[in-house]
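Quick one: structure below, then a few questions.
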Amino acid sequence: MNKSLWLLIKEKLQETKAKDIVVLDVKKHSSVTDYIIVATASSDRQARAIADYLRENAEKPFSMEGTEDGRWILLDYIDAVVHIFQEDLRKYYDIEGMWLNANRL
């Protein structure tokens, strides 16, 4: 994924009113992906709407999980992984805490 795609994803997340958007550059720390993007949705309906909006307006992800429940949706773009959480699950799983050494973009 080039830099412009993660910027596009961040922009699209902002358009959907996703909260607390964080982009982590994990290239030096992970062999699985280059970027982890985390955002918060206020409800399952908003989480699904955000995921659908990204799929339609950014780029179609390689895979997408969690849309049935809408509490934690993962979109896999291979070089970037997007996590859309409801607030309680975001605090519980603390993705940002697992990548403390990653640069925030």
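Sum up the charges of everything whose Cβ sits under 9 Å from the Cβ of Asp44, counting Lys and Arg as +1 and Asp and Glu as -1, but leave Asp44 out. Please report the intermediate quantities before stating the final value.
Details: positive: Arg45, Arg48, Arg71; negative: Asp69.
My count for the surroundings of Asp44 gives +2.
Amide H to amide H, which residues 5 or more places from Lys27 or on other chains are under 5 Å from it, using H placed in the peptide plane?
none
Could you pull out the trypsin sites (Lys or Arg not before Pro) across the stretch 1-100 that fall in loop regions by DSSP (anything but H, G, I, E, B) with no more than 13 other Cβ atoms inside 10 Å? Each step should come with its number before you reach the end.
Details: sites: Lys3, Lys10, Lys12, Lys17, Lys19, Lys27, Lys28, Arg45, Arg48, Arg55, Arg71, Arg90, Lys91; in loops: Lys17, Lys27, Lys28, Arg71.
Listed in order of number, the matching sites are Lys17, Lys27, Lys28.
Further, regarding this structure: Convert 4 °C to kelvin, take the viscosity as 1.567 mPa s, use the Kirkwood radius over C-alpha pairs of the chain as Rh, and evaluate the Stokes-Einstein diffusion coefficient in µm²/s, rounded to a whole number. Please list the in-between numbers first.
On the way: Rh = 13.4 Å.
Diffusion coefficient, whole number: 97 µm²/s.
Along the Cα→Cβ direction, 7 angstrom out, place labels at Asp94 and Ile21. What is the inter-label distance in nm?
Result: 2.6 nm between the two label points.
May I pose another question? Using only Cα atoms, what is the ratio of the radius of gyration of the stretch 15-68 to 2.2 N^0.38 Å?
Values: Rg = 12.3 Å, N = 54, 2.2 N^0.38 = 10.0 Å.
The value comes to 1.23.
While we're looking at this one, here's another question. Given a Förster distance of 25 angstrom, what is the FRET efficiency for Glu59 paired with Lys28, based on the Cβ-Cβ distance and rounded to 0.05? Mind showing how you got there, number by number?
Details: r = 24 Å, r/R0 = 0.96.
E(calc), rounded to 0.05, equals 0.55.
If you wrap a convex hull around the C-alpha atoms of the stretch 43-105 and split its volume per residue, what is the figure in Å³?
95
Read-outs: derived from the displayed coordinates by stated rules, not from any lab. Remember, predicted model here, so these are calculated numbers, not experimental data. Positions of Cβ are generated from backbone atoms using ideal geometry, with glycine treated the same way; all protein chains shown enter the neighbour counts.
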